[in-house]
Structures are given as C-alpha cells and as structure tokens.
DNA sequence: AGCATCATGTAGCGATTGCTACAAGATCGT
DNA sequence: ACGATCTTGTAGCAATCGCTACATGATGCT
C-alpha cells in the first residue's frame, strides 16, 4: 500500500501535467477534455481551477516560461565560452538536440500566438527570450569587447538559425553562419 | 448592367479570396464555413473543389508562397545595395512595414505548422525562404567577396530579427545588429 | 453536532466542426 | 431532343467545443 498517494489537485500540481500534454500535442489543438484526461481530472475541474480556458493557457504559458529558464540553467553549464563562435555552437547544439524538439515545436506556436496578440503569449515569449539572453551574456568569452551587444547579436543569429532549421533550411543557416563569422571567429562546428 | 459578371467558381478564383481571409484571421482558426462566406460560396462547394479541408489548406499555402514571391519582386526594386548593411536595412524596413504585418503574422503560423510537420506547411515555408534568399542574392553589393554566403548570413540575421520583433524584442535585435555589423559595414538605420 | 465552504461528479446546452447523402438545375456532346 | 456529366443548394449527421446548472460528498470551523 505504498505508492499512489492522492495529491491535492490544484494549479500547482496540474500545470506540469498540462505542460507535458501541450509539449506532446501542441497548443493549437489543445482543448479542455483532452487536457483534463492528460492531467487526470475533468474539464469541469479545469474550469473550476483556472476559470476559463483562456486563463488556463495564459497560466500554462507562464509556467512554461519558468520551466524553460530552469531547464536552461540545468542543462547547460555556466562556464564561459572561449569564443563567440563556441558559445553559438554550444547553444545551437542544445537547441537542436532530440530532447528539445518538442519544446522547439511549441516555441514556434508561442511565437505565432505572440505575433497575433493572443492573450498570454507575448509575455511568455518575451520572458523566455530574456532568460536566454541573460544566459548568453554569461556565456560571452572572457575578454569580449562588448558582451552585451555580442549576446544580442548571437541571439539574433541563433533564432534565425533555429527558424530556418524548423522549415528545412538548416543548411542555408549553417552556410550563413560560416560566411558571417569568418571575420569574428571560428565557424561553429 | 455593367458590373457584376458572374465568375466561374473554381480553385483559381477562390484562392485569392481565401488567402485574404486567412491573412486577416489566421490559419489556425480557419474553418470551412467562415472561409466559404469570405469567398462567396458554401462549405459544400469548398469541399467539392478541394476535396478536403486539409487539401484546401495545402493548396492555399502553395498559392500564398507564389503570391509572396510575386509581391517580393513587385514591392522592392532589384537594384543592388551598396553595402550588406544597406541590403539588410532595406529588407527589414519592408518586412516590418504596416502592409506586411498580416503576412508576418501568418508567417509565424506557417513556421509553427512546418515545425510540427502539418501537411503542406513545410513546402510552402521552404519555398518562400528560397524566394527571399534568391532575391537577397541579387541584392548583394557589387564587389561583395561572397555573395552567396553573404545572402545566407543576412537571411539568418533577418529572420532572427523578425522573430525577436514579433515577440516584443525588437530593441534587442536592433542592438544585436548594431553590435554584429560594426566589423563588416555600417549599422542598418 | 451542525453548519458553511470547498471540491467534484453527472448531465447537458447551444454552437461549431468537417463532411456527406440526396436531389435538382445547368451545361454539353451527340 | 435526350441522356450524361458537371455544378450547386438543402439538410443533416456524429463529433467536439467551452462552459454551466445541479446535486452530492468532503472538510473544517465553532
């Protein structure tokens, strides 16, 4: 009679399960009944706890933004890179890893929602980028002449590369990075 | 008795009207009956002509890709830029213009669909990027040492900038561009 | 103990979804 | 003129949508 202790069902316990579901199935098609089943409750109770589906999504996006920041710190060390190119290569390798694919698929949905002004999307997207930017600043090489600007420059390149990769232009982005970084440092692997 | 001639109702005449509707209201929420009303027909006939909603969306994405290429040629001259930075500034100014906003909102939806593997999305996204890349290659300055690589580099920067702008990080991208282009040319306006 | 608040299940409502069966014009080849 | 094919309207179906009314158990305060 050890295992299944009954957890209290509240937002706090629900959100990770909801997040897992949208990571697997996307935000767009997420409707109350499937979300409820995935989190072991009923649509009735989701509305009870969150008030509205719209509010649920907003809460969920906030949770995802927090989880992203935590995962970022956990997955990647915080030692500085030796060059900008190395920092770039490091983060790209992580972002394109198998483990990150569900998140990347979700990410572009969040971007689309933010671009269209859906409630809750823009703040979450903004927060995640701010976290990534902060982490990038800490990654900038020791003697970098402009760490703040460099991090922003790298962020722009990273997001452009990831978008091109998402639509099947990974080779284009890779060629672009090689061509663009020849002046400033070694090309990323 | 001049004006309203009855056009034959087929894919060819329907697609522009459908495109106008998804530009205004998005792809995600697009359902047959609203699409039908927007194009002056019935859901019944949309299914008759396209076979399936999925096929309709795929056709529509193909049409949009073609329309994008045409609009790109029409809206922007084909004279070369003087510097890479100027080419970058030129295309960014266009992409962020008021007229392009509906398209940019739609664009991120297409990217999200492509990332998730929805049928028809990836080919359309890929085609639009190929068109933009080709146009960019023609824009590269006269004596550029590596026009092909440079165009790919600029494309990566452009898409990163546009994504950051879409989620409210336009300033971050702008700072990044300034920091990144100091070595290679003047910062874009 | 009794009462009040919280938590949850059951059932359902009206709207919308993609799609289809059926029938009736419309058009056209012969 | 006649039959065949193309085009279109009407009506509806089963599924799903977000959400709610109602009732009932659980919990906790006094």
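Throughout, read-outs are computed from the coordinates displayed, never taken from laboratory work. What you are looking at is a predicted structure, and each value in this text was computed from that prediction instead of being measured. Quick reminder, even Gly has a Cβ in these numbers, built from the backbone with ideal geometry, and neighbours come from all protein chains shown.
Of note:
- Principal-axis analysis of the Cα atoms of chain A puts helix A:53-75 at an angle of about 40° to the longest axis.
- With Cα atoms, 0 to 90° folded angle of helix A:121-139 axis to chain A main axis: 40
- Shielding by partners, peptide B:125-133 (average Cβ within 10 angstrom, other chains): 3
- Nearest-first distances (nm) between copies at residue B:145, label 7 Å from Cα via Cβ: 1.7
- Each copy carries a label point for residue B:74 at 7 Å from Cα along the beta-carbon vector; from one copy to the others these points are 5.1 nm apart, nearest first.
- For chain B, the longest principal axis of the alpha carbon atoms and the long axis of helix B:11-25 meet at an angle near 60°.
- Percent of Cα pairs in segment B:11-181 per distance bin of 5 Å, from zero to the largest separation: 1, 8, 16, 19, 18, 14, 10, 7, 4, 2, 1, 0.
- For the protein assembly as shown, the C-alpha radius of gyration sits at 1.07 times the compact-globule guess of 2.2 N^0.38 Å, with N the residue count.
- Estimated 222 nm signal from helices in chain B, with DSSP H stretches of n ≥ 4 weighted -39500 (n - 2.57), rounded to 500: -23000 deg cm²/dmol
- Rg(Cα) / (2.2 N^0.38 Å) computed for segment A:21-114, rounded to two decimals: 1.33
- Using alpha carbons only: equivalent-ellipsoid semi-axes of segment B:83-189, gyration tensor based, whole Å: 24, 17, 12
- Euclidean distance between Cα centres, segment B:1-77 to segment A:4-35, Å: 36
- In terms of surrounding Cβ atoms within a 10 Å radius of their Cβ, B:129, A:163, B:100 rank from fewest to most as B:100, B:129, A:163.
- Cβ neighbours within 10 Å from other chains - mean over A:168-178: 6
- Partner shielding of A:143-152 amounts to 4, given as the average count of beta-carbon atoms from other chains within 10 Å of each residue beta-carbon.
- Scanning chain B for the Cβ atom closest to the axis that brings B onto A yields residue and whole-Å distance B:160, 2.
- Among A:29-40, A:77-88, sorting by the average number of other beta carbon atoms lying within 10 angstrom of each residue, highest first, gives A:77-88, A:29-40.
- For chain A, the relative contact order is 23 percent, taking Cα pairs closer than 8 Å that sit 6 or more residues apart in sequence and dividing their mean separation by the residue count.
- Here is how far apart the residue B:101 label points are across copies: 3.7 nm, shortest first, using a point 7 Å from Cα toward Cβ.
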